[in-house]
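**Student:** Handing you this structure, nothing more for now.
Each value in this text was obtained by applying a stated rule to the coordinates, not by laboratory testing. Every value quoted in this text rests on a predicted model; they were computed, and no experiment measured them. A quick note on method: Cβ atoms are made from the backbone with ideal geometry, for glycine too, and the neighbour counts reach across all protein chains shown.
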Amino acid sequence: MNQNELSQLSDKELLEVLKNSKPSPIIDAFFIGLLVGIIIYSVVANSWGFLSLIPLYLIYTFLKKPKKYEALKIELKKRNLE
């Protein structure tokens, strides 16, 4: 969700989105490490291909998650809901 979509939500919907999107850094770090390990294994085994792109995409989504959470926190501060 971008800033415009967040500004169109009601207060109740915004709080619900916040509740459902809290980041868990330990779990995210574990999965990012696991996916990096998969990529390193595929490079060492000379099997770099389409299936190696899937972990790269998943790493991107794990790294993008805190940015969405920060945008949500900014919108909460604007509305004095925090």
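**Student:** May I ask for the angle, rounded to the nearest 10°, between helix 11-20 and the longest principal axis of the chain, with both axes built from Cα atoms and the value confined to 0 to 90°?
**Tutor:** 30
**Student:** List, in order, the whole-Hz ³J(HN,Hα) value for each residue of region 67-75 obtained from phi through the Karplus relation with A = 6.51, B = -1.76, C = 1.60 and θ = phi - 60°; use x for Gly and Pro.
**Tutor:** Computed from phi, the couplings for region 67-75 are 5, 5, 5, 5, 5, 5, 5, 5, 5 Hz.
**Student:** Of PRO55, PHE30, LEU81, which is farthest towards the positive pole of the chain's charge dipole, taken about the Cα centre with +1 and -1 on the beta-carbons of Lys, Arg and Asp, Glu respectively?
**Tutor:** LEU81
**Student:** Let me ask something else. Can you work out ³J(HN,Hα) from phi for every residue in region 46-60, in order, using Karplus 6.51 cos²θ - 1.76 cosθ + 1.60 and θ = phi - 60°, giving whole Hz and x for Gly and Pro?
**Tutor:** In residue order, the calculated couplings are 6, 10, 5, x, 4, 5, 7, 6, 4, x, 4, 5, 5, 4, 4 Hz.
**Student:** Near LYS73, which aspartates and glutamates are there with a Cα under 16 Å away, not counting those fewer than 8 places off in the same chain?
**Tutor:** Result set, ordered by chain and number: GLU5, ASP11, GLU13, GLU16, GLU82.
**Student:** Under a straight-distance cross-link criterion of Cα-Cα below 16 Å, which lysines are reachable from LYS67, leaving out those fewer than 8 residues away in the same chain?
**Tutor:** LYS19, LYS22, LYS77
**Student:** Let me ask something else about it. Which aspartates and glutamates, on any chain, are close to LYS65 with Cα under 14 Å apart, when same-chain ones fewer than 8 places away are left out?
**Tutor:** ASP28
**Student:** Based on the Kirkwood radius over alpha-carbon pairs, what value in µm²/s does the Stokes-Einstein equation return for the translational diffusion coefficient of the chain at 20 °C and 1.002 mPa s?
**Tutor:** D, rounded to a whole number, is 147 µm²/s.
**Student:** Sequence gap at least 6, Cα distance under 8 Å: using those rules, report the relative contact order of the chain to the nearest whole percent.
**Tutor:** 48
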